1. Sort out which residues of the stretch 93-112 are surrounded by 13 or more Cβ atoms within 10 Å (Cβ to Cβ) and charged (D, E, K, R), and write them in order of number.
2. Considering only the stretch 101-122, I want to know if a residue exists there that is of a type in the set (A, V, I, L, M), more than 30 Å from His229 (Cβ to Cβ), assigned to a loop (DSSP other than H, G, I, E, B) and within 16 Å of ligand 2 (Cβ to nearest atom).
3. When you scan the stretch 34-48, do you find a residue that is in a loop (DSSP other than H, G, I, E, B), more than 14 Å from ligand 1 (Cβ to nearest atom) and either among the charged types (D, E, K, R) or within 16 Å of the chain's Cα centre (by Cα) (or both), even just one?
4. Please go through the stretch 12-26 and give me each residue that is surrounded by 15 or more Cβ atoms within 10 Å (Cβ to Cβ) and either of a type in the set (Lys, Arg) or on the phi > 0 side of the Ramachandran plot (or both), ordered by number.
5. Only helices (runs of 4 or more DSSP H) wholly contained in the stretch 156-238 count here; list those with 3 or more residues that are among the β-branched types (Val, Ile, Thr).
6. What number of residues in the stretch 180-190 are surrounded by fewer than 24 Cβ atoms within 10 Å (Cβ to Cβ) and either within 14 Å of ligand 2 (Cβ to nearest atom) or at pLDDT below 95 (or both)?
7. Considering each residue of the stretch 191-221, count those that are in contact (Cβ under 8 Å) with a residue 40 or more places away in the chain, at positive phi and surrounded by fewer than 23 Cβ atoms within 10 Å (Cβ to Cβ), and give that number.
8. Which residue, of Leu115, Leu132, is surrounded by 15 or more Cβ atoms within 10 Å (Cβ to Cβ) and farther than 22 Å from Ala188 by Cβ?
Amino acid sequence: MKQSFLQIEDITKVYDKRITALSGVSFQVDRGQVVGLVGPNGSGKSTLIKILLGLVNADKGQVYIHHEKPGEDNSRKVSAVLEYETLFPFFTARENLKITALTKDLPKEEIDRVLKFAGLDKRKGKVKKFSLGMRRRLMIAAALMGDPELIIMDEPTNGLDQIAIGEVKTLIRKLADSGITVIVASHALHDVEKICSHVGFLLNGELKAYKPMDSYITQYETLDNAFHHYASKITQTP
Ligand code: ADP
Ligand code: MG
């Protein structure tokens, strides 16, 4: 049997012995895919991301990233953009990335490469003067340092205006075009629809569907319709 790049097998997570954040979640991701994990707040997206990063342990099930468990030897291959801004506002973009370069033990050329990739190479001045889109792009640039194979993002468009959302979507597509596998957790269906090759619907900690984007669009026309189809099944259940 072919082993996928990322294997998520029967993941269950219960917080404090009573909050079931995830229940029996399984899916597989191949290299180069852009995967959207979609679901309302509280559906378990961030928990799943933390498990993929080895920041939270699952109570049941396994995750393999290229045959290795999260947080072990593959930490260099996997990178993340988490929900909250992790920039130093009084530093420039380059100074922020210098800190990342130090923590990841990377050469300064890597800073030039990712600044250019994110379209921030000409930008001077402190990060606190940046637009929201530029700040989020800088966080993605930091995640890109060290040439990861997989970048995981938690709500990358959250709190952004339309212009910034457009910039972030363009950058995510650019990552995918350069061969990086991307996983995006989001409650914003519209943002996911434009960038993802595959989408999973998480509802109350269960993965209700996991399919290529095309198959949702063929069957339901929009991702929104598809999502509501699966969500309505849940609310009808007594
Ligand atoms: P999402 O990212 O989809 O909003 P989360 O994974 O953050 O979902 O949360 C899923 C469920 O787990 C929610 O009910 C949330 O309150 C709960 N939860 C998340 N983190 C913790 C934690 N550290 N301790 C206890 N409960 C948690
Ligand atoms: Mg979340």
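1. Here is the first cut: in the stretch 93-112, the ones surrounded by 13 or more Cβ atoms within 10 Å (Cβ to Cβ) are 93-101, 104, 106, 110-112.
If the condition is that a residue be surrounded by 13 or more Cβ atoms within 10 Å (Cβ to Cβ) and charged (D, E, K, R), then Arg94, Glu95, Lys98, Lys104, Glu110, Asp112 are the ones that fit.
2. First, pick out the residues of the stretch 101-122 that are of a type in the set (A, V, I, L, M): 101-102, 106, 111, 114-115, 118, 120.
Those left that are additionally more than 30 Å from His229 (Cβ to Cβ): 101-102, 106, 111, 114-115, 118, 120.
So of that shortlist, the ones also assigned to a loop (DSSP other than H, G, I, E, B) come out as 106, 118, 120.
Going one step further and asking which of them are within 16 Å of ligand 2 (Cβ to nearest atom), we end up with none.
For the stretch 101-122, residues of a type in the set (A, V, I, L, M), more than 30 Å from His229 (Cβ to Cβ), assigned to a loop (DSSP other than H, G, I, E, B) and within 16 Å of ligand 2 (Cβ to nearest atom): absent.
3. Our first condition is that a residue be in a loop (DSSP other than H, G, I, E, B); within the stretch 34-48, this holds for 39-44.
Still in the list and also more than 14 Å from ligand 1 (Cβ to nearest atom): none.
So far as the stretch 34-48 goes, no, none of its residues is in a loop (DSSP other than H, G, I, E, B), more than 14 Å from ligand 1 (Cβ to nearest atom) and either among the charged types (D, E, K, R) or within 16 Å of the chain's Cα centre (by Cα) (or both).
4. Matches in the stretch 12-26: Lys13 only.
5. Details: elements: 162-177, 189-195, 213-220, 223-236.
The qualifying helices (runs of 4 or more DSSP H) are 162-177.
6. The total comes to 5.
7. 1
8. Details: Leu132 fails: farther than 22 Å from Ala188 by Cβ.
Within the list Leu115, Leu132, the selection yields Leu115.
The values are calculated or read from the model by the stated rules, or taken from the named source; none is laboratory data. Nothing here was measured: the structure is a model prediction, and the numbers come from that model. When we count neighbours, we look across all protein chains shown, and the Cβ atoms used for this are built from the backbone with ideal geometry, even at glycine.
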